[in-house]
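*Asks:* Can you keep this structure in mind? I'll have questions shortly.
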Amino acid sequence: MIPQTHPSSDSPLSATITRRGFVKMGGALFVSLSIPTGLSVRAAESPTSLDPASLASWLEIHSDNTILARTGRTETGTGMSSYYAQAIAEELCVRPETISLVLGDTDRTPDGGYSAGFLYGMANIRKVAAYTHQALLSLAAAQLGVPVSKLTVADAIVSGGGKSISYAQLVQGQQLDLKIPITGTHPKVDPSSPDGNGMAGLDGFSVTGDPPTKPVSQYKVIGTSYPMPGIPDKVTGKTQWTCDVSLPGMLHARMVRPATLGSTLISVGALDKKQYPTAQVVTKGNLVAVLSPNEWEAISAANSVAATTKWTEWAGLPGSDNVTKAIRDHKWEAPAQSKGNAAEVNATLQSARKTISATYELPYARHAPIGPFLAVADVGTDGTVTVWTHSAQSQGLRAQIANTLSISPEKVVVRWLDHSGQYGRTTFGGDGAEADAVILSQVTGKPVRVQWTLQEDLAWSSVSPAYVLDLKAGLDANGHVIAFRSASYTPHQSDARLLGAVLAGMPCSKPTPGSWIATEWPYDKIPIRLEEAYGMPSLGADSVLGGLRGNIMRTPGQRQQNFALEGLMNEAAASAGVDPLQFRINHTTDQRLIDILNTTAKAAAWEPRPSPHPRARKTGSAAVTGRGLCIVVRANAYWVGIAEIAVTPSNGVVQVTKFTIGADPGKIINPRQLDRCMKSGVVMGLSEALKEEVTFDKGKVTSTNWSSYKILTMQETPDIKVVQISRDDKGFGGGSEAANAVCPPAVAAALFDATGVPARRLPLSPAHVVSILKA
C-alpha cells in the first residue's frame, strides 16, 4: 500500500485517503470508519471487520458513477430513504436516482441509532458525503493540475482550468479508502440506563469533524419533491417483505399464549400426531409454540394444543374502567423530572384574579399495525444468529438478542426488511416476534418463522400507557396567564424487554419506572410555571410476565402532555373571552410560531371569535358544528392543527369534516414526502382522538380485534389540507412526529366550541361524548 495521500493545501479535508492498489476492472472509493484515539475498539466494532473493503462501509462511489450508501437506521414510513438520498446527492452534486441505500443490516452498515431520530442520522450521512466530496476534489485537483478552490462539480463531473473528469474516472482501476473520524458506541443492554429502558448507547455512532457542507443558498436537490424510493416496487409487488423470507429447512411456528398477562404454565395440551404428523410442540418456561414445516399445519395444531393447555389464574389488573383510580392510588413520591419553582408558582396562583383547574385523562393505546409482527431466525450450529425483522433499532435488537442468549453481540446479525409500521414500538430494540423465533430456532436447530396473529398482537404487544394529568392556570385582570402548573402521572413507558425472553424466563433488559417532561414550552410570555412528571411501574408489573408492558408511540410523552396543555389553554381562552388563536399569540414572542398560526388559520378560513360558538348546543338530534385549534413545538418544528367537526348530541357521534395542518420544520427536504407524513399523521391522530383505547379486565386484554380495538376508517377520514413553511435559515426540523399530536386537542377544542362542554378524556367515542354532554 502506498503512503497516505494528502489533499492540496487549499482543501479543508481532514479525513485521509489511501490506495489499496490497482484492480483490473472497475474501481471504487470506499468510505469507512476511523477509530479515534481514546475510543475503545470494542465500542466501535461492527459485526464484521471495519475494513472498508468489506460491506461495513458508509459509502461507495463506483466506476459506473453509481453510489451505494449504508445506514443502520431504517425506513419506518417517514421518508428517510428519500431524505438520505437527497442529502447525499446534494453534497456530492449528483442525481438522487444514482444513489442506492442499504438500510438497517447490522453486518452491512456501520452505524445504528434510533430510526425515529433519522434526522440526527442524516447529519452523519451529510458529513460522510461532505468528506467524500472533499476527497474527490483532492483527487481531481491532482489529476487536472488545478487547485481545489478553482474546481466545480455538476452531475458527478469535476471541472476546472478548461478540463473535466468524472467521479467514475477518478476511481477507475483502483480501490481507494477514505477514513473518517467517528465517536459513539453500539447499543448494549444496561439495567442502569438513565432512560429507564434497560438499554444504553441507542444513539449509535456520530461522524465527527467539520467538513464543509454546501450552503443552503446553493441547494438544488434538497427542497424538491424527489419521488419516494421503493414505492414503485411496493405497487408492482417487487418488494421483499419480512413475511417473504423463506430458508431451506425452515419451520413455521405459532405461539400458544398464556390465558392472562400473569398466567404461568401448568400443562401443555396434547398434540394429535395422527392429525398433525409433522408438527411438534416446544416449551421453554412459559413459552409454548407449535412448529411444522407446513404453515397451515402449524396453525391448526397450535389451535388444537391451545384448547387443552392449562394455565394458572391471575387477576392483577384493575380493569380499564379503573385506570385513573389505579394511577391515583399509587404511592407517589418525588417526580421523575421537574422544571420550575413550586413556591413561586403557588404564590402567583394564589394572587391570580382567576384560576382554572382541570384533570385530563388518556387511555392505554396500541400501535396496532394492520400487518401483525413477523420475524425469521436462524441459529447456527456454531452459535451465530441471523434474524430477519422490521425493527426500528437493528443494533438495539442485536444487543437484546445477544443478552437473551448470553452470547457476544458479534455473533448476532440483524437483517432489516420492509413490513407494517409500528411508530416507536421497537425504538429500544423490542417488541415483536424476534425473540420467539430466536429461542425456537436455538431449541430446534432449524430456521424458524414466527408470525403473530392480529389477536395475539393486540393482546400481547407493548402498549402506549395511560396518563392522568392535573393542570392549573392563573389569569390576571387582563385575561393573561401569569402562572401555570402541571403534573403528569403515568405507568412505565419505556419497556424494551423481548416478549419471548420474558415468557421463556431468559435474560432480558430490566427497565425501571420513570417519566419525563416531553413538552417543548411554546408560551414564553407565561413567566412562571412548574412542570412535573411522575412515573410508576406498569400495571401488573409484579407478575412473572410483567403485566401491561408500556412502550413509547409516535410523539411519545409530548402527545399526552400536549393534549392537557392545549386543552387548558383553550379553556383559559374561553374564560378570558378571547379568540383561541389570538390567545396563543398573546402568550408568545416566537415569530415562527406566530407565522405558522396565522398562515394555517388563513388556509382554514378561521373566523376570529371566542369559543364556545354563540349557537353552541349540547342537546338535540340535529348535528351542531364547531372548530378548534392547537399547537405543538417539537424538534425544531412548529405545528398547528385546526379541526372542524359535526357532532350529534343525542348519539354522541363526532365526525371530523375537515382538518387543516400546518408545519414549519425549518428547511423542508422533500415537500411531497412531508405532505404524506402530515396527512398520515392526521389519520393516526384522529384515530387516537375518536376511537382508540385498549380495554382489559382483571387479567387480560379484551380489545383483540378491529371490532373491539377500533381505528379510523376511510369513510371517516376527513378532507385534509396541508400548509408548509420552509425556512432556509433554521436548519432541519422534525417533519414527521407531532403530526398526530395536534389532532386530539384540536378535535376536543372543536367539540367544546360546538357544545360548550370541555372534553378532557380520550377517546371521544359516542358513549363518552353522550356521557359528558349529559353530566
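The values are calculated or read from the model by the stated rules, or taken from the named source; none is laboratory data. Here the structure is a predicted model, which is why all the values come from computation and not from measurement. All Cβ positions, glycine included, derive from the backbone under ideal geometry; neighbour counts span all protein chains shown. Quick note on the areas: whole protein, heavy atoms, side chains included, nothing else; ligands and nucleic acids left out. Shrake-Rupley method; radii C 1.70, N 1.55, O 1.52, S 1.80 Å.
*Asks:* Report the full-extension gain for the segment Lys163 to Ser621: residue separation times 0.36 nm, less the Cα-Cα distance, to one decimal in nm.
*Replies:* Numbers: separation 458, 0.36 × 458 = 164.88 nm, distance 7.89 nm.
That works out to 157.0 nm of additional length.
*Asks:* Moving on to the next point. Take the alpha carbon atoms of segment 557-630, find their center, do the same for segment 305-335, and report the distance between the two centers in whole angstrom.
*Replies:* 37 Å
*Asks:* I've got another one for you. Rounded to the nearest 0.05, what FRET efficiency do Trp521 and Asp195 have when you use their Cβ-Cβ distance and R0 = 22 Å?
*Replies:* Numbers: r = 21 Å, r/R0 = 0.97.
Result of the calculation: an efficiency of 0.55.
*Asks:* Continuing with this model, one more query. Could you provide, to the nearest whole Å², the per residue accessible area of the chain with probe 1.4 Å?
*Replies:* Spelled out: the 1.4 Å probe surface of the chain, per residue, equals 37 Å².
*Asks:* Let me ask another. Going through segment 227-290, which trypsin sites (Lys or Arg not before Pro) have at most 13 other Cβ atoms within 10 Å and a DSSP loop state? Spell out each step's value before the answer.
*Replies:* Details: sites: Lys234, Lys238, Arg254, Lys273, Lys274, Lys284; in loops: Lys238, Lys273, Lys274.
Qualifying residues, ordered by number: Lys238, Lys273, Lys274.
*Asks:* Straight distance only, please: which lysines reach the Cα of Lys510 with their own Cα at less than 19 Å, same-chain residues fewer than 8 apart left out?
*Replies:* Cross-link targets: Lys188.
*Asks:* Additional query: Let me check against my output: what whole-number percent is the relative contact order of segment 491-621, with C-alpha pairs under 8 Å and at least 6 apart? Working shown, then result.
*Replies:* Numbers: 134 pairs, mean separation 32.5, N = 131.
Relative contact order, segment 491-621: 25 percent.
*Asks:* In Å, the Kirkwood hydrodynamic radius of segment 526-623 over pairs of distinct alpha carbons?
*Replies:* Details: mean 1/r = 0.0578 Å⁻¹.
Result for segment 526-623, one decimal place: 17.3 Å.
*Asks:* Which of the GluC sites (Glu not before Pro) found in segment 329-402 are loop residues per DSSP with 16 or fewer other Cβ atoms within 10 Å of their Cβ?
*Replies:* Working: sites: Glu333, Glu344, Glu361; in loops: Glu333.
Filter output for segment 329-402: Glu333.
*Asks:* Same structure, new question: Please return the longest range in the chain lying between exposed loop sites, taking chymotrypsin sites (Phe, Trp or Tyr not before Pro), DSSP loop only, at most 15 other beta-carbon atoms within 10 Å, and leaving the sites out.
*Replies:* Numbers: sites that count: Tyr219, Trp332, Trp706.
For chymotrypsin sites (Phe, Trp or Tyr not before Pro) (loop position, at most 15 other Cβ atoms within 10 Å), the longest site-free span of the chain is 333-705.
*Asks:* Rounded to a whole number, what % of the accessible area of the chain do carbon and sulfur atoms account for, probe 1.4 Å?
*Replies:* Working: 14750 of 28480 Å².
Here carbon and sulfur together make up 52 percent of the probe-accessible area.
*Asks:* Further, regarding this structure: Find the centroid of the Cα atoms in segment 631-674 and in segment 480-532, then give the distance between the two in whole Å.
*Replies:* Between the Cα centre of segment 631-674 and that of segment 480-532, the gap is 24 Å.
*Asks:* Kirkwood hydrodynamic radius, computed over distinct alpha-carbon pairs, for segment 183-254: how many Å, to one decimal?
*Replies:* On the way: mean 1/r = 0.0551 Å⁻¹.
Here the Kirkwood hydrodynamic radius works out to 18.2 Å.
*Asks:* Take the Cα gyration tensor of the chain, multiply each eigenvalue by 5, square-root it, and list the three semi-axes largest first, rounded to whole angstrom. Each step should come with its number before you reach the end.
*Replies:* Working: eigenvalues 395, 279, 101 Å².
Here the semi-axes work out to 44, 37, 22 Å.
*Asks:* With a bin width of 5 angstrom, please list the P(r) values of segment 640-775 as percents of all Cα-Cα pairs, from the 0 bin to the one holding the largest distance.
*Replies:* In order of increasing distance, the bins hold 2, 10, 19, 19, 16, 13, 10, 6, 3, 1, 0 percent.
*Asks:* Right, another one. So how far, in whole Å, is the C-alpha centre of segment 377-391 from the one of segment 94-148?
*Replies:* One Cα centre to the other: 29 Å.
*Asks:* Could you calculate the FRET efficiency of Gln275 with Asp329 from 1/(1 + (r/R0)^6), where r is the beta carbon distance between them and R0 is 60 Å, rounded to 0.05?
*Replies:* Working: r = 49 Å, r/R0 = 0.82.
Given R0 = 60 Å and the Cβ-Cβ separation, E is 0.75.
*Asks:* Just grab the label-to-label distance for Ser708 and Gln337, each label 7 Å out from Cα along the Cβ direction, in nm (one decimal).
*Replies:* Between Ser708 and Gln337, the simple spin-label model gives 3.5 nm.
*Asks:* Next question, about the same structure. So what is the relative contact order for segment 110-239, in percent, with contacts set as C-alpha pairs under 8 Å and at least six apart?
*Replies:* On the way: 131 pairs, mean separation 33.5, N = 130.
After rounding, I find 26 percent.
*Asks:* Still on this structure, I have one more. Calculate, for Lys698 and Thr381, the FRET efficiency according to 1/(1 + (r/R0)^6) with r their C-beta to C-beta distance and R0 35 Å; round to the nearest 0.05. All intermediate terms of the calculation are to be shown ahead of the outcome.
*Replies:* Working: r = 45 Å, r/R0 = 1.29.
The computed FRET efficiency comes out at 0.20.
*Asks:* Then there's this: Provide the net charge surrounding Pro191, with neighbours chosen by a C-beta distance below 14 Å and charges set as Lys +1, Arg +1, Asp -1, Glu -1. Could the numbers behind the result be given before it?
*Replies:* On the way: positive: Lys188, Arg497, Lys510; negative: Asp190, Asp195, Asp495.
Result for the neighbourhood of Pro191: 0.
*Asks:* In percent, how large is the relative contact order of segment 660-775, given Cα pairs closer than 8 Å and 6 or more residues apart? Each step should come with its number before you reach the end.
*Replies:* Numbers: 153 pairs, mean separation 46.8, N = 116.
It rounds to 40 percent for segment 660-775.
*Asks:* Of the listed pairs Lys525/Lys658; Lys273/Lys710; Lys618/Lys710; Lys127/Lys150; Lys331/Lys354; Lys234/Lys411, which have alpha-carbon separations greater than 29 Å here? Numbers along the way, then the final one.
*Replies:* Values: Lys525/Lys658 31 Å; Lys273/Lys710 39 Å; Lys618/Lys710 25 Å; Lys127/Lys150 22 Å; Lys331/Lys354 31 Å; Lys234/Lys411 32 Å.
The pairs that break the limit, which is 29 Å between Cα atoms, are Lys525/Lys658; Lys273/Lys710; Lys331/Lys354; Lys234/Lys411.
*Asks:* Something else: Which trypsin sites (Lys or Arg not before Pro) in segment 604-644 sit in a loop by DSSP (not H, G, I, E or B) and have at most 10 other Cβ atoms within 10 Å of their own Cβ? Each step should come with its number before you reach the end.
*Replies:* Working: sites: Arg615, Arg617, Lys618, Arg627, Arg634; in loops: Arg615, Arg617, Lys618.
In loop regions of segment 604-644 (DSSP not H, G, I, E or B), the sparsely surrounded trypsin sites (Lys or Arg not before Pro) are Arg615.
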